[in-house]
1. Could you give the size of the charge dipole of region 441-510 about its Cα centre, using +1 on the Cβ of each K and R and -1 on the Cβ of each D and E, expressed in debye and rounded to the nearest 20?
2. Calculate the radius of gyration of the Cα atoms of region 418-493 to one decimal place, then report Dmax, the largest Cα-Cα distance, as a whole number, both in Å.
3. Counting C-alpha atoms alone, how compact is region 352-589: give Rg to one decimal and Dmax as a whole number, in angstrom.
4. Using r as the Cβ-Cβ distance of F325 and F290, and R0 as 30 Å, what FRET efficiency do you calculate, to the nearest 0.05?
5. Over the alpha-carbon set of the chain, work out the extent along each principal axis and list the three values in angstrom, largest first.
6. What are the semi-axes of the equivalent ellipsoid for region 46-108, taken as the square roots of 5 times the Cα gyration tensor eigenvalues, largest first, in whole Å?
7. Give the lysines reachable from K367 as a straight Cα distance under 21 Å; neighbours fewer than 8 places away on the same chain don't count.
8. List C228, C71 from most exposed to least, where exposure is judged by having the fewest other Cβ atoms within 10 Å.
Amino acid sequence: MSAPSDNMPIPAQAIHSKPLLVRHLPYFIGAAILVVLAANMNFDGYVHNILLQATTFAIAVFGLSVVLGLCGQINLAQAAFFGLGAYAVGIGTTDLQVSFWLCLIGGCVISLLAGALLGASTLRLGGHYLAMVTISFQQIVTLVMINAIWLTHGPDGVSNIRRPDLFQSSQSYLAFCVAMLAIVGYLVWHLSDTKLGRAMRAVRDNELAAGVNGIDVFRTKIYAFALCALLGGLAGGLFAGGFAYVSPDQFSFAESIVFLTMSLLGGVASPIGSAIGTGLLILIPEWLRFLKSVPGLYLAIYGLFVILIIRFMPDGIWGFVADAFTRWRAKIKTPPASAALQLKPATVGGDIVLEVTGLSKYFGGLKAVDGVDIAVKRGGVHALIGPNGSGKTTTLNVLSGLYVATAGKIVLDGTDITHMPPHQRTASGLGRTFQNIRLFRSMTALENVEIGAERPGNTMVGKGDDALTERAMEALTFVGLGSRANELISSFSYGHQRLIEIARALASNPTLLLLDEPAAGLNSTEKLELHELLKRIAAQGLTILIIDHDMTLVSEAAQHITVLNFGRRIADGESMAVLRHPDVVSAYLGSE
Ligand SMILES: Nc1ncnc2c1ncn2[C@@H]1O[C@H](COP(=O)(O)OP(=O)(O)OP(=O)(O)O)[C@@H](O)[C@H]1O
């Protein structure tokens, strides 16, 4: 766990010195060239249709890149949202004679609302329940398309769908769709670097850690779901205008699976991957057309191709490339320099930072925590100890809001946080680490710590991404890992991962830091270094509540100790006196 040597760093302000649009100029130039090509090249009808399909499908797949790639939530109903947008344009421009633009916007709004409502009612479920609900939604939408003949024209579908006057020719309409693809692609690509995008990635990697780092997990999921549905609706509307005909079979469950395969194949975490996957799945059948004379061969080769890619590139084609690029960049890119970390814990309340009274947590008949009182003094290190299973971690989980207290009251710096969800407790000034390290594994060390720095109410961070990066770099340098800021979490040893978790909590400038067994799994040298780190943190006046089994660490670091046994408090007071207390000795050694 020794600190790596710092190589010549560059000032943090230099990293994002150019405005965003200037930095991304090559993208816009490339996109403009594609739009001009689409507008001017004379494709035959067949090629034109393939390009139009790929362009509109890719926008729908970008939606999956947001919900599944960024936020980790499954959506097996993207074809339904695609269909809602398509039918809005179809019915609107034919039966209702409304302008294409209004219909397109209407379709987006309908999809967005449907996505938000579906998300709000189901996203607390997660996992396979969420998958089942989205499948049901998909089936319902398909059934409505087929059976609500008065509205949708049933299985016959809607024909003669109009395009906007501005893009009447198929050439100009394709160019318009390519432009939309470029704009949406840029927004989705850039989303992962925004506050919302970082929150989504954190939720995807570790919901519990996201919550205790100040992220409203449920709301973040709903945003992701609604955004995905919106892009589905937009794509569907463009599709309907392009092909002038829609029918229920174009928006079936099978199409949702095609969208999902496209995103997984190309790499769901990035819109580039989505575009690659969409292009490949539309083009491969065309490339393999010559095999169609041999029955079954075409499908076998097509299936084998998909299986091989998923088997050898589980993160998709672009995921594979991006991972290699991140590792290479971590080697060559010098992390920015940083100032010394300042901790300025809030001092709203009095001498007692954390006041816990009568705290209980029962799991059925098991009283894991039973009427515990704890008073943590400002500016000190307070240890919570006890034999295995005595209720220490459960106490910390109740304090940070991961478990709802059965009874009792928790006051943090004068604020009653007993009934707050985890992210609000974090916003109130609670920071924590976990017994089993909970880092965001797909991110670099710096990105992990930036999430901590982004805590609502963190007065130590200025405005903008540069300020966030600076604060995160300060915290990483404080724990000795500044020079490895750009490396992925998987390249760090267990001990270093613990330090990154501590850095993430410190970057948030908490009022109270909860450390759950920080020495677990560390060797003796690493434990000594951890002890030094705790001293440096405490020296800045940050209050710490620590759980650990290492009595040397506890007795040296903590001034005050509370001891639990079978969920009850058996001793509390000045460290040395508590460790000599006969009840504590017998709890640890067993009575004769
Ligand atoms: N989610 C849960 N559901 C049911 N029982 C639980 C749950 N979490 C903890 N327990 C039980 O509560 C009791 C206290 O567990 P806890 O993990 O808080 O103890 P601990 O003091 O932190 O132990 P250790 O030092 O081994 O980590 C144990 O009997 C444990 O099995």
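Computed from the coordinates by the stated procedures, all read-outs in this text should not be read as laboratory data. Note that the structure is a prediction, hence the values are computed from the model and not measured. Neighbour counts run over all protein chains shown; Cβ positions are idealised from the backbone, glycine included.
1. Numbers: 7 positive and 9 negative charges, 46 e Å.
The dipole of region 441-510 has a size of about 220 debye.
2. 13.1, 40
3. 17.4, 55
4. On the way: r = 35 Å, r/R0 = 1.17.
Approximately 0.30, to the nearest 0.05.
5. Its Cα atoms span 87, 57, 49 Å along the three principal axes.
6. 24, 16, 9
7. Partners found: K392, K409.
8. Values: C228 30, C71 27.
Arranged by neighbour count, lowest to highest, C228, C71 become C71, C228.
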